[in-house]
1. From the list 24, 67, 78, which residue is within 29 Å of residue 127 (Cα to Cα), more than 13 Å from the chain's Cα centre (by Cα) and open to solvent by 90 Å² or more (accessible area, probe 1.4 Å)?
2. Quick check on segment 98-118: of everything there that is more than 18 Å from residue 28 (Cα to Cα) and under 11 Å from the mean Cα position of the chain (by Cα), which residue is least open to solvent (accessible area, probe 1.4 Å)?
3. If I ask for residues that are more than 13 Å from residue 120 (Cβ to Cβ), loosely packed, with under 12 Cβ neighbours inside 10 Å and either in contact (Cβ under 8 Å) with a residue 12 or more places away in the chain or touching a Phe, Trp or Tyr at 6+ places or on another chain (Cβ under 9 Å) (or both), which ones from segment 81-97 would you list?
4. Return a yes/no flag: does segment 50-64 have any residue that is among the aromatic types (Phe, Trp, Tyr), closer than 17 Å to residue 128 by Cα and in contact (Cβ under 8 Å) with a residue 12 or more places away in the chain.
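The values are calculated or read from the model by the stated rules, or taken from the named source; none is laboratory data. Being a predicted model, the structure only gives us computed values, none of them experimental. Neighbour counts run over all protein chains shown; Cβ positions are idealised from the backbone, glycine included. The protein model used for the area step is the full one, side chains on, heavy atoms only, and it has no ligands, DNA or RNA in it. Shrake-Rupley method; radii C 1.70, N 1.55, O 1.52, S 1.80 Å.
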Amino acid sequence: RTHTHTYTHARTTNKVLRLARFSRMLLAMMTIKCADISNVCRKFDVAEKWTNQIAEEFLAQGDEEKRLGLPVTPMNDRTKFKSPAHMVCGFIDFVAQGTHDELEKVLPSAVPFAQNSRDNRQTFETLKPADPAPPAEVATAQPAATSAGEAASEAKS
C-alpha cells in the first residue's frame with residue numbers, strides 16, 4: 001500500500017468513527033426526549049391521569065401569569081382552554097407522534113410506544129367535548145320556515 005492510500009483510509013475510517021459516535025449520541029438524545037414526552041405512550045388510564053395533571057399545572061401557571069400582570073401563555077389561558085383532550089391531541093399531533101415515529105424507525109423496541117401514542121390519540125379524540133354553539137345574537141338570518149309550504153311562499157316573496 002502506498003502512503004497516500006493509508007492516509008486516505010485512515011481519514012475515511014476516522015470520519016466513519018466520528019459519524020458512528022454522532023449517530024449513537026443522536027440516538028441517545030432521541031431516546032431521552034421520547035422518554036421525557038412518554039406520558040402519551042403509556043396505557044390509556046395512565047396517559048389520561050397525566051394529561052389531566054399537566055392541564056391543571058398549565059392552567060395554574062396561566063393564572064399566576066395573569067395575577068402577576070404578565071402576558072398569559074396561550075395554551076395556559078383558562079379563558080381559551082377547551083379541554084385536556086384538546087390539549088393532548090395537539091401535543092401528540094405537533095410534538096410527540098412525529099418524535100416517536102422517527103425513533104421507532106431505528107429502534108424496534110420503540111414500536112409499542114409509538115403505537116400506544118396513536119391509539120391514545122384516537123381515544124382522546126372521542127373525549128373532546130363538542131364546541132359550543134355560537135351565541136344566538138350572532139345569527140342574523142331570518143327564522144327558518146316550519147314547513148315546505150311556508151318555505152315555498154317565502155321564496156316567492
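1. Numbers: 24 fails: within 29 Å of residue 127 (Cα to Cα); 67 fails: within 29 Å of residue 127 (Cα to Cα).
Just a single option satisfies the conditions, and that option is 78.
2. Looking at the filtered set, the residue picked out is 117.
3. Of everything in segment 81-97, nothing turns out to be more than 13 Å from residue 120 (Cβ to Cβ), loosely packed, with under 12 Cβ neighbours inside 10 Å and either in contact (Cβ under 8 Å) with a residue 12 or more places away in the chain or touching a Phe, Trp or Tyr at 6+ places or on another chain (Cβ under 9 Å) (or both).
4. Start the filter on segment 50-64 by keeping residues that are among the aromatic types (Phe, Trp, Tyr), which leaves 50, 58.
Retained after the next criterion (residues that are closer than 17 Å to residue 128 by Cα): 50.
Next cut, in contact (Cβ under 8 Å) with a residue 12 or more places away in the chain only: none.
No, every residue in segment 50-64 fails to be among the aromatic types (Phe, Trp, Tyr), closer than 17 Å to residue 128 by Cα and in contact (Cβ under 8 Å) with a residue 12 or more places away in the chain.
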